[in-house]
1. Under unit Cβ charges (Lys, Arg +1; Asp, Glu -1), what dipole magnitude, rounded to 20 debye, does the chain have relative to its Cα centre?
2. Strictly over 25 Å apart at the Cα level, which of LYS14/LYS277; LYS14/LYS336; LYS14/LYS236; LYS29/LYS138; LYS277/LYS373; LYS14/LYS136 would you flag in this model?
3. From the Cα gyration tensor of the chain, with a ≥ b ≥ c the square roots of its eigenvalues, which class applies: rounded if a/c is under 1.5, or else prolate if a/b is larger than b/c, or else oblate?
4. Quote to one decimal, in nm, the extra length available between SER9 and ASP378 on full extension: 0.36 nm per residue of separation minus the C-alpha distance between them.
5. Rounded to the nearest 5, what % of the DSSP beta bridges within the chain are antiparallel ones?
6. For every other residue with a beta carbon closer than 12 angstrom to the beta carbon of ALA115, add +1 if it is Lys or Arg and -1 if Asp or Glu, then tell me the sum.
7. At a Förster distance of 56 Å, what's the computed FRET efficiency of TYR159 paired with HIS267, Cβ-Cβ distance as r, to 0.05?
8. All other residues with a Cβ under 14 Å from the Cβ of TYR337 taken together, and with Lys, Arg as +1 and Asp, Glu as -1, what is their net charge?
Amino acid sequence: MTNVKYVYSEDLLKYRFSDSHPFNQMRLKLTTDLLFDLDVLTSEHIIAPRVATDEELQLVHEPNYIEAIKKAGNGELPLDEYEKYGLNSEDTPQFVNMHENSARVVGGTLTAVDAVMTGEAIRACHLGGGLHHGFKGKASGFCIYNDSAVAIQYMQSKYNQRVLYIDTDAHHGDGVQWSFYTNEDVMNYSIHETGRYLFPGTGALTERGDGKGFGTTVNVPLDAYTEDDSYIDVFKETIEAVCEAYKPDIILSVNGVDIHYLDPLTHLSCTLDTLYKIPYIVKDLADKYCDGKIIMIGGGGYNIWRVVPRAWSHVWFALNDLETPNKPIPQTWLQKYQKLAPVPLPTTWVDEKEDYMDIPRRTEISEKNNNTKIRILDWFKK
């Protein structure tokens with residue numbers, strides 16, 4: 001199905017803080033090459049990302065912040081201004097040409113939006129996007145510019161769309177939330193690990209928006225060590241209720257895959273089973289409520305060898321109405337990347353569940369999550 005578009009170029013790999021930084025866009029190349037080797041992605045699907053203009057970035061970001069990023073990327077920003085713009089941390093350190101390479105990530109998501117809104121594609125994805133922590137005037141959480149927030153504002157201002165934003169990353173999408181906290185024309189739904197134990201510490205159930213935007217922010221904080229059944233139960237019921245109530249024109253979804261139990265930065269206990277299901281659930285909602293209009297973007301995911309490629313492949317599978325392959329991982333892909341991988345690469349699509357810990361508080365955790373679900377469903381009772 002070539003009228004589903006995949007935004008990609010190897011220039012996206014230049015969004016790179018350092019060789020040792022956990023945010024490693026090698027995961028994007030691993031996923032893309034896996035899809036090519038499976039013969040489900042071809043050059044006809046690919047559209048190259050453009051670099052977002054300053055005017056587009058200013059839909060969300062402050063002009064002085066954009067100028068600071070330009071200077072930092074050229075080594076011209078005074079050192080005493082790094083802290084002001086969030087560039088003095090291990091999370092978001094300065095790197096060469098950071099403005100252009102960050103603006104390309106934003107432009108990639110806008111490229112996907114334009115493809116769907118102009119009719120070039122019925123659905124689109126940009127797995128290089130999903131940088132949901134960036135603030136209007138400050139970098140945060142591996143994110144310089146916030147492509148998710150810019151894309152939402154772009155869809156509003158250029159295409160007059162009621163946008164449903166669905167974020168299934170393990171980390172709360174704080175940058176997006178605060179960008180639209182008083183906006184009644186954006187529904188912001190985030191299901192994530194509770195902020196009691198995890199960056200950025202926000203995303204409580206009680207954060208529901210403000211002013212005219214009250215009720216258009218829905219946070220679903222899950223307890224640490226949440227497992228597959230509890231996650232899917234809470235997600236399916238709450239997101240269906242949100243969709244039914246809001247009736248969006250289009251869906252933008254962030255597909256972070258750091259809810260997996262092997263992710264080194266989070267504390268959830270989901271497996272590939274859940275990560276495989278999520279994009280199909282979201283795609284079905286788009287078919288039901290938005291005439292199929294959906295853009296899926298990337299997000300977190302820091303086990304780049306064993307988790308991300310298999311999980312993100314299912315974003316593309318879902319958008320193309322494909323099922324999990326009934327054949328092994330292609331030998332061509334394994335031979336290409338095993339010599340680079342520090343761990344054995346997976347050879348099948350089945351989650352091996354190596355080192356999966358039995359969760360002693362399973363019942364307590366599930367009950368807690370169910371209570372959260374009940375409270376949210378109560379908001380949307382007719």
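Taken together, the values in this text are just the output of simple stated rules run on the coordinates, not laboratory data. Keep in mind that this is a model prediction, so the values were computed, not measured. Neighbour counts run over all protein chains shown; Cβ positions are idealised from the backbone, glycine included.
1. Working: 37 positive and 55 negative charges, 66 e Å.
Charge dipole of the chain: 320 debye, to the nearest 20.
2. Working: LYS14/LYS277 30 Å; LYS14/LYS336 21 Å; LYS14/LYS236 36 Å; LYS29/LYS138 28 Å; LYS277/LYS373 19 Å; LYS14/LYS136 22 Å.
Check vs 25 Å cut-off fails for LYS14/LYS277; LYS14/LYS236; LYS29/LYS138.
3. Details: a/c = 1.23, a/b = 1.04, b/c = 1.18.
Rounded, because the longest to shortest axis ratio a/c is under 1.5.
4. On the way: separation 369, 0.36 × 369 = 132.84 nm, distance 4.44 nm.
Gain on stretching SER9 to ASP378: 128.4 nm.
5. Expressed as a percentage, antiparallel bridges in the chain total about 5.
6. Details: positive: LYS5, ARG50, ARG123, LYS293; negative: ASP114, GLU120.
Its environment carries a net charge of +2.
7. Rounded to the nearest 0.05, the efficiency is 0.90.
8. Working: positive: ARG27, LYS29, ARG306, ARG310, LYS336, LYS339; negative: ASP33, ASP37.
In short, +4.
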